[in-house]
Every structure is written in C-alpha cells, then in structure tokens.
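J.: Encoded as structure tokens, here's the structure I'll be asking about.
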Amino acid sequence: MSYIDAENLVKQYGAGEATITAVGGVDLGIDKGEFVAIMGESGSGKSTLLSMLGGLNSPTSGRFLVDGVDVYALTSDERADFRRRSVGFVFQNFHLLPYLTLAENVMLPLAIVKMGKQQKLAAAIDALARVGLPDKATRLPNQISGGEQERVAIARAIVNHPRVILADEPTGNLDTHTGSEIMKLLTTLNHEGITVIMVTHSNEYARYARRLIRLSDGRVADEETKLQCSQSRRVNADRTQKRRKKSRKKVRL
Ligand code: ADP
Ligand code: MG
C-alpha cells in the first residue's frame with residue numbers, strides 16, 4: 001500500500017441527464033517523497049482529481065486513503081484537521097486576498113490553529129523566507145510581481161509544514177523564466193521530503209517531476225516514470241549550458 005492511495009475514485013457533478021462525470025474511476029498510489037505531474041486537456045478532470053487528493057472534494061464513490069486513513073470516512077472536523085496537518089494546497093491563480101498583507105495571507109491556514117498571534121506571524125515570515133521573500137511580509141499582493149504572488153501562494157501552502165503539496169497549475173500565469181524558478185522551488189521542497197503533486201499544462205515543467213500521469217476524460221490514460229532523477233539531469237543540463245557559455249566567452253576573448 002502506498003502513502004497516498006486512490007481506489008476507483010469517481011466524481012460526478014449534477015444529477016439525472018445533466019450528470020457530468022469529471023473523474024471516472026481513478027486508481028493511484030503515490031509514495032512519500034514523490035514528485036508527480038498530472039497533465040491532460042482542459043476539462044479532463046485534473047482540478048477535480050487534485051481537490052479530491054487534497055481532502056477538499058468528496059468523491060461520488062471510491063476510497064481515498066492517506067497513511068491508511070480513509071479521508072472521506074472522517075467527520076468534516078476531522079478532515080479539516082487532516083488537511084491542516086498534512087496538506088498544502090496551491091490554488092490556480094494564486095487566490096491571494098488583496099486587502100491582506102503577504103504575511104496575513106500566509107497565516108490564513110493557521111487561523112484555527114491554537115497558536116499565539118506572534119508565533120503565527122513568525123511561522124508566516126519563516127515560510128516567506130523559504131520561498132525567497134524574507135523582506136516583503138508587510139506588502140499587499142498588488143505590490144509584488146506575478147512570480148512573487150505564486151511564491152506567496154506556495155508559502156501559504158507550506159506554513160503548516162505539510163507532508164504533501166498539491167499545486168494546480170502553479171505556473172499557469174507566469175513567463176517561462178519565472179515559471180522555471182517556481183519549478184525549482186517546488187523541486188527544493190520535494191528534496192526536503194515533501195511529496196509534490198502538480199497539475200500542469202506544460203511539458204517543460206512536467207519534466208521536473210519524476211512521474212507523469214495523463215488524464216483523458218476523467219481517467220488515467222497514460223503513465224510514465226523516469227528512472228533517472230529529473231533534477232540531476234536538469235542540473236547536468238544546466239552545467240553543460242554553463243560550460244558552453246564559458247567556452248563561448250573564451251572564444252570571444
Ligand atoms: P480540468 O482541471 O482538467 O480542466 P476539471 O476537473 O476542472 O478539469 O473539470 C472536469 C469536468 O467537470 C469539466 O467538464 C467541468 O466542466 C466539470 N466540473 C468541474 N467542476 C465542476 C463543478 N463544481 N460543477 C459542475 N461541473 C464541474
Ligand atoms: Mg483545472
């Protein structure tokens with residue numbers, strides 16, 4: 001049994017003739033420390049599947065277990081507690097509240113945690129530092145760039161030290177350079193031991209993951225696992241590029 005186990009997960013919306021089957025029977029096992037990318041066309045069920053894996057969306061049928069716990073058999077209070085302890089969710093389009101400072105946005109998942117205000121603030125500033133924004137805690141979301149907003153969304157996801165990060169198209173609105181920076185950040189968090197499950201439209205970003213799951217019409221259409229660690233390959237590629245640049249420089253000199 002894997003750390004995360006989806007057993008024939010089905011999610012239907014609506015009723016009668018208008019029923020839409022967003023996820024039509026997904027079996028999935030994900031181990032601790034994996035970095036998984038989920039791809040598929042728009043409407044193929046990626047966001048629905050991710051929200052079920054995050055304990056946010058009850059399946060119509062099937063079971064979902066984390067560490068042997070049947071998440072949707074829990075009461076809603078217990079499930080909220082499970083989410084708070086285990087999961088960090090990076091929503092599509094950042095979902096930052098515009099009238100709250102970055103630190104206040106990052107503190108949101110701690111709202112119902114029994115901790116002093118100062119302790120929560122310290123945790124938020126620590127999370128902002130981990131995503132490379134140690135000095136911007138008092139800014140408002142509209143005072144930072146899109147890439148920085150994505151970092152804040154990730155800081156908010158890690159403020160409770162989750163075991164799993166679920167990210168829905170974390171690079172969807174970013175230029176290629178900023179997107180790569182976000183992928184490197186997710187890779188670093190993965191190397192620190194956090195399991196990362198990410199939805200992406202981009203083949204380029206999917207390469208950061210070691211496992212790729214393709215959805216089609218709410219079902220797993222295809223799966224690939226990389227034998228070689230994608231990060232080490234990427235580091236090697238970066239090195240090669242640097243060497244090439246260096247040798248180009250030498251030629252110019
Ligand atoms: P993706 O993220 O791959 O674009 P979604 O999971 O958002 O796909 O959607 C899968 C299908 O379920 C789509 O047909 C979508 O319109 C439908 N759907 C998603 N969420 C809802 C909802 N809350 N109510 C009704 N239909 C929904
Ligand atoms: Mg989606």
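J.: Give a residue-ordered list of calculated ³J(HN,Hα) values for the range 24-39 (Karplus: 6.51 cos²θ - 1.76 cosθ + 1.60, θ = phi - 60°; whole Hz; x for Gly, Pro).
T.: x, x, 10, 10, 7, x, 10, 8, 4, x, 6, 10, 10, 9, 10, 10
J.: Can you put SER180, SER47 in order of Cβ neighbours within 10 angstrom, beginning with the fewest? Before the final figure, lay out the partial values.
T.: Working: SER180 16, SER47 19.
Lowest count first: SER180, SER47.
J.: Based only on Cα atoms, what mean projected area does the convex hull of the range 4-252 have, in nm²? Working shown, then result.
T.: Working: hull surface 63.6 nm².
Computing the convex hull of the Cα atoms and averaging its projections yields 15.9 nm².
J.: Take GLU181, project a point 7 Å from its Cα along the Cβ direction, then tell me which residues of the range 68-97 have their backbone nitrogen under 17 Å from it.
T.: Inside the label zone: 94.
J.: Moving on. Label-point separation (nm) for ASN8 and ASN142, each offset 7 Å from Cα along Cα-to-Cβ?
T.: The modelled label-to-label distance comes out at 5.1 nm.
J.: Assign one of three labels to the range 57-205, namely rounded, prolate or oblate, based on the Cα gyration tensor with a ≥ b ≥ c the square roots of its eigenvalues; rounded applies when a/c is under 1.5, prolate when it is not and a/b is larger than b/c, and oblate otherwise.
T.: On the way: a/c = 1.87, a/b = 1.21, b/c = 1.54.
Since a/c reaches 1.5 but b/c is at least a/b, the shape of the range 57-205 is classed as oblate.
J.: Of TYR208, TYR13, TYR3, how do they rank once you tally other Cβ atoms within 10 Å and put the fewest first? Don't jump to the answer; show the numbers that get you there.
T.: On the way: TYR208 22, TYR13 11, TYR3 17.
Ordered by Cβ neighbours within 10 Å, fewest first: TYR13, TYR3, TYR208.
J.: Moving on. For the residues PHE91, PHE35, PHE82, what sequence is obtained by ranking on other C-beta atoms within 10 Å, fewest first?
T.: Numbers: PHE91 20, PHE35 25, PHE82 16.
Fewest-to-most ranking of PHE91, PHE35, PHE82: PHE82, PHE91, PHE35.
J.: Can you tally the net charge around VAL71? Count Lys and Arg as +1, Asp and Glu as -1, for every other residue whose Cβ sits under 15 Å from the Cβ of VAL71. Write down the numbers at each step before the final one.
T.: Details: positive: LYS11, ARG63, ARG79, ARG83, ARG84, ARG85, ARG163; negative: ASP5, GLU7, ASP67, ASP70, ASP77, GLU78, ASP81.
Neighbourhood net charge equals 0.
J.: So for the pair ARG219, LYS32, with labels modelled 7 Å out along Cα→Cβ, what separation do we get in nm?
T.: 3.4
J.: Given a Förster radius of 30 Å and the C-beta distance between ASP70 and SER42 as r, what FRET efficiency does 1/(1 + (r/R0)^6) yield to the nearest 0.05? Show your work: numbers first, answer last.
T.: On the way: r = 31 Å, r/R0 = 1.03.
Once the sixth-power term is evaluated, E becomes 0.45.
J.: Same structure again: For the chain, set up a GNM with springs between Cα atoms under 10 Å and report which of LYS46, LYS226, LYS184 has the largest fluctuation.
T.: Largest GNM mean-square fluctuation: LYS226.
J.: Tell me the net charge near VAL10. Cut-off is 14 Å between Cβ atoms, VAL10 excluded, with +1 for each Lys or Arg and -1 for each Asp or Glu.
T.: Charge balance near VAL10 sits at 0.
Values quoted throughout were computed directly from the atomic coordinates according to the rules given, and no laboratory measurement underlies them. Note that this is a predicted model, so its numbers are computed, not measured. Because the Cβ atoms are built from the backbone with ideal geometry, glycine has one as well, and the counts that use them run over all protein chains shown.
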